[in-house]
Amino acid sequence: MLKKYISIMRGAALAALLMCGASLAAQTTATGVINGTLVNKNGISIQFDTDPAGVTLGAAGTSAATANFGTVSAFGPLAAGVTRPSVTAANFTVRTFFDVQVIQGGLTSTTYTLTANLAAAAPTGLNYKVDAITLTTALQTIQINGAYHTDIAHNLDLVILTAAPGAGGPAVNTPITTTINFTATAN
């Protein structure tokens, strides 16, 4: 009888082990769902890129680039990417090229209008031009049919009076900085 009891106990122990192993193998799981909601907004952005024929822009590829003309004069060497297309008795012009790229998303517009203006009045003795359009603090239209997603070359001219400082000419041997604001508007 003892033998039979031990045999039953072994059978019960084995069944308990098998059940325990089965419950260890079957893990409890849970599931969940996240419903993502967004509103897709259309828009455009503007960036300035270095043109192969122009000066290397600081912060190229952004909407806040810089163009350093270096030291300029009516005669003598100029920085790489700067040309002098005109010299007269009254003034001289230095020029560089830069590229504008306007990127759009979610618009039906196929072109944009580019405008520009000076953030403040030009320093004495200087005029700023983009594509031969003289800039003031009022918005000036530069381009009316710009293609999106394409670098479009523009020239930036500084027309510098040759008169001496105090006689209408600009300060000499002093860095002069001017901010030009550009706006791209979807057509």
Residues of segment 164-187 that turn out to be of a type in the set (A, V, I, L, M), modelled with pLDDT of 95 or more and under 20 Å from Leu78 (Cα atoms), as a count: 0
So if I check each of Gly106, Gly61, Gly54, which one is at pLDDT 95 or above and on the phi > 0 side of the Ramachandran plot? Gly61
Could you list, in sequence order, all residues of segment 111-135 that are without any contact (Cβ under 8 Å) to a residue 40 or more places away in the chain, at negative phi and either outside any loop (DSSP other than H, G, I, E, B) or within 24 Å of the chain's Cα centre (by Cα) (or both)? Asn127, Lys129, Ile133, Thr134
As an exercise: evaluate Val159 against (1) in a strand (DSSP E or B); (2) more than 18 Å from Thr71 (Cβ to Cβ); (3) of a type in the set (Val, Ile, Thr) and give the number of the one condition it does not meet. (2)
Those residues that are over 26 Å from the mean Cα position of the chain (by Cα) and under 14 Å from Val55 (Cβ atoms), I need them from segment 84-110; list them, please. Arg84
Being surrounded by 14 or more Cβ atoms within 10 Å (Cβ to Cβ), within 18 Å of Ile44 (Cα to Cα) and in contact with a Ser or Thr (Cβ under 9 Å, 6 or more places away or on another chain) is true for just one of Leu161, Leu114, Leu78, Leu118. Which residue is that? Leu114
Kindly indicate whether Thr28 is out of contact with any Phe, Trp or Tyr (no Cβ under 8 Å at 6 or more places or on another chain), modelled with pLDDT of 90 or more, within 30 Å of Phe182 (Cβ to Cβ) and part of a loop (DSSP other than H, G, I, E, B). no
Is there a residue in segment 25-41 that is within 26 Å of the chain's Cα centre (by Cα) and touching a residue at least 24 places away in the same chain (Cβ under 8 Å)? yes
Using the structure shown, decide if Val72 is touching a Leu at 6+ places or on another chain (Cβ under 7 Å), modelled with pLDDT of 95 or more and part of a loop (DSSP other than H, G, I, E, B). yes
Selected residue (criterion: surrounded by the most Cβ atoms within 10 Å (Cβ to Cβ)) from residues of segment 164-185 that are within 17 Å of the chain's Cα centre (by Cα) and assigned to a strand (DSSP E or B): Ala184
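The values are calculated or read from the model by the stated rules, or taken from the named source; none is laboratory data. Not measured: the values here are computed from a predicted model. Every residue, glycine as well, gets a Cβ built from its backbone with ideal geometry; the counts of neighbours run over all protein chains shown.
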